[in-house]
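The values are calculated or read from the model by the stated rules, or taken from the named source; none is laboratory data. Keep in mind it's a predicted model, so treat the numbers as computed, not measured. Here the Cβ positions follow ideal geometry from the backbone for every residue, glycine too, while neighbour counts run over all protein chains shown. Just so you know, the surface numbers come from the protein's heavy atoms only, side chains and all, with ligands and any DNA or RNA stripped out. Shrake-Rupley method; radii C 1.70, N 1.55, O 1.52, S 1.80 Å.
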Amino acid sequence: MTSIKLENVSLIYRLFEKLTLSAPDKRKGALGGNIGRSGRTQIVQALDNVSFELKAGDRLGLVGPNGAGKTTLLKVLYGIYQPSGGAIFIKGKVDALFNINIGFRPEATGRRNIVLRGLISGWTEAEIERKMEEIIEFSELGDFIDVPFKAYSQGMAARLAFSTATALDPEILLMDEWIGAGDASFQDKAKRRMDELAEKAGIIVLASHDAALIDSFCTRKLTLRNGRVESLTEIPEAASSSSEL
Amino acid sequence: MIAAMNSAVEDISKAMRLHRVWTALAHEDIGDQHRRTTLGPLWMLVNYFAFVGTFVFVFVTKDASNPGYIAYVAIGMLVWFYLNEIIAMSVSLFQREASFIQGTTLPLFVYVMRLTMQCIIRAGYSMAGCVLILFLAGYGFAMGWLFSLPGLLLIIVATPALITVFAFVGVFFPDSEFIVGNLMRVGMFFTPVFWAYNGQGGIQKYAYHWNPFTYLLEIVREPIIKSSFPAHAFAVSSCICLCTWMIALLLLGEFRRRVVFLT
């Protein structure tokens, strides 16, 4: 049974002062949360005692101002960041839609890019073969699929990226903002695809600034502020209106 | 320390299972660099010929007493270009891969192997050129050549470790990209790539004996030039390889989780 359980998860990291011969600068990138000081070292408390539990069928909306820790939490759940405290228990295959353009190469054809993206996503060659025609058909690229990616219009590139990135069989799906692509007609199709994807996934965690989207799509809402959980509330009758997205 | 080693081995194991990813990406990298050119990857062969030809043309008259000079330079250049490339490209490896590191859960060693694969493919073209030069210079194939195979294999085995070490140096010390680049440019003149050491004293003596690159060059070159197995150079190179791997495993195990915050 798909599930996610976080117990007092914290993420603290040092703001590494890279060794450099140049004068000290102020270009210190923070993930969010509180920036503190421990001796001479600056530390960031990106997540602080975050606890919640999700079971199959849950759709969790992550909300909060910029720097609250939404994306950080998604990356912790995906395994990009290792928490510095607490425990995470995840049952189910986790897929993420953070940057749908990642791994696309301008010189390669659309078809080759599907293969590369599939390999990066951990698909087997058989899975890539199986999904290939479906992705091409969904992207509506036709003969352009064998043309280098750099020759695509912005819309075509977005359609290929979207079609490939969403050709998943997720048990747990993590999304940083809702993904849309292409022209108006493709947008409708993309919305339906996202709905199907959400239906297939046991659990969805969606970070967004769009309060209406969260209220209409999610069943629960987690509000983060400075890396801490401010509130975790149930959203009544959420899924019923998801098709209106 | 054991925990760090285990962590490194875990990363490496995962990366090796994803061999299709780094093989495909490396081939794409090579293809992209030459996609619009007429000669394609053969340009790597031309570059190699140009360099070796220049050095032979400039120095062969000076060292005409040494009939094996062409082979000496050809093999020296082959190994030096390979080592120079892996080191120079390693220092900026994690910065170049930042979008992948911050957006996927691919193990860090995937990027190391991607670069390893790229460098081996490029060296393959240079090696074809080197063999051609050897034949043109009148070197027929001899069984002694086979002694250079363990040397080549040792360099290939050391490659991911060297890349890992320099990639971590680069991510913690960004200036190293330029420092290492300059050192490698200068290093070519302090390494017996195109000059031969004949027991002379002075700076050449130290540049020969205390330079790790000397031994990495000799394990490939000596078997072809002298038809003998370079036992001493092979032993030193094995130690270099082992030490580099130890450092690489420690760095990978200890710092791999922190790289995402540094890129």
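What to note about this one:
- Helices (runs of 4 or more DSSP H) wholly inside the stretch B:1-109 that include at least 1 residues being under 22 Å from residue B:217 (Cα atoms): B:42-59, B:69-90
- Every pair of residues 6+ apart whose Cβ atoms lie under 9 Å, when the first sits in the stretch B:16-34 and is farther than 21 Å from residue B:105 by Cα and within 7 Å of another protein chain (Cβ to nearest Cβ) while the second is surrounded by 16 or more Cβ atoms within 10 Å (Cβ to Cβ) and hydroxyl-bearing (Ser, Thr, Tyr): none
- Test: residue in the stretch B:131-147 that is farther than 30 Å from residue B:22 by Cα, open to solvent by 50 Å² or more (accessible area, probe 1.4 Å) and among the β-branched types (Val, Ile, Thr): no
- Scan of the stretch A:57-116 for residues that are within 22 Å of residue B:256 (Cα to Cα), facing chain B (nearest Cβ under 9 Å) and either part of a strand (DSSP E or B) or open to solvent by less than 40 Å² (accessible area, probe 1.4 Å) (or both), ordered by number: A:75, A:79, A:80, A:81, A:94, A:96, A:102, A:103
- Figure legend. Inter-residue proximity from the stretch A:44-55: first residues in a strand (DSSP E or B), second residues hydroxyl-bearing (Ser, Thr, Tyr) and open to solvent by less than 10 Å² (accessible area, probe 1.4 Å), beta-carbon distance below 8 Å, spacing 6+ or different chains. Indicated pairs: A:46/A:72; A:47/A:72.
- Checking every residue in the stretch B:82-95 against the condition of being at negative phi, surrounded by fewer than 21 Cβ atoms within 10 Å (Cβ to Cβ) and within 14 Å of chain A (Cβ to nearest Cβ) gives at least one match.
- Every condition in (1) among the hydroxyl-bearing types (Ser, Thr, Tyr); (2) within 13 Å of the chain's Cα centre (by Cα); (3) farther than 28 Å from residue B:248 by Cα is met by residue B:159 except one, and the failing one is (3).
- Contact map, the stretch B:171-189: residues that are more than 9 Å from chain A (Cβ to nearest Cβ) paired with residues that are not in a helix (DSSP H, G or I), Cβ distance under 9 Å, separation 6+ or inter-chain. Pairs shown: B:177/B:91; B:177/B:92; B:178/B:91; B:180/B:91; B:181/B:91; B:187/B:211; B:188/B:194; B:189/B:195.
- The residue that is farthest from the other protein chains (Cβ to nearest Cβ), counting only those in the stretch A:121-131 that are open to solvent by 20 Å² or more (accessible area, probe 1.4 Å) and assigned to a helix (DSSP H, G or I), is A:130.
- Matching helices (runs of 4 or more DSSP H) fully within the stretch B:172-263 where at least 2 residues are in contact with a Leu (Cβ under 8 Å, 6 or more places away or on another chain) and at pLDDT 95 or above: B:212-226, B:231-255
- Residues (within 14 Å of another protein chain (Cβ to nearest Cβ) and either more than 25 Å from residue B:167 (Cα to Cα) or of a type in the set (A, V, I, L, M, F, W, C) (or both)) located in the stretch B:100-139: B:100, B:101, B:106, B:108, B:110, B:113, B:117
- Of everything in the stretch B:170-196 that is farther than 22 Å from residue B:57 by Cβ and of a type outside the set (A, V, I, L, M, F, W, C), the residue that is surrounded by the fewest Cβ atoms within 10 Å (Cβ to Cβ) is B:182.
- Residues of the stretch B:99-126 that turn out to be of a type in the set (A, V, I, L, M), buried (at least 18 other Cβ atoms within 10 Å of the Cβ) and modelled with pLDDT under 95, as a count: 3
- All strands (runs of 3 or more DSSP E) inside the stretch A:171-235 with 2 or more residues being among the hydrophobic types (A, V, I, L, M, F, W, C) and either at pLDDT 90 or above or surrounded by fewer than 21 Cβ atoms within 10 Å (Cβ to Cβ) (or both): A:203-207, A:220-225, A:228-234
- Hits in the stretch B:200-218 - residues which are among the hydrophobic types (A, V, I, L, M, F, W, C) and under 13 Å from the mean Cα position of the chain (by Cα): B:213, B:216, B:217
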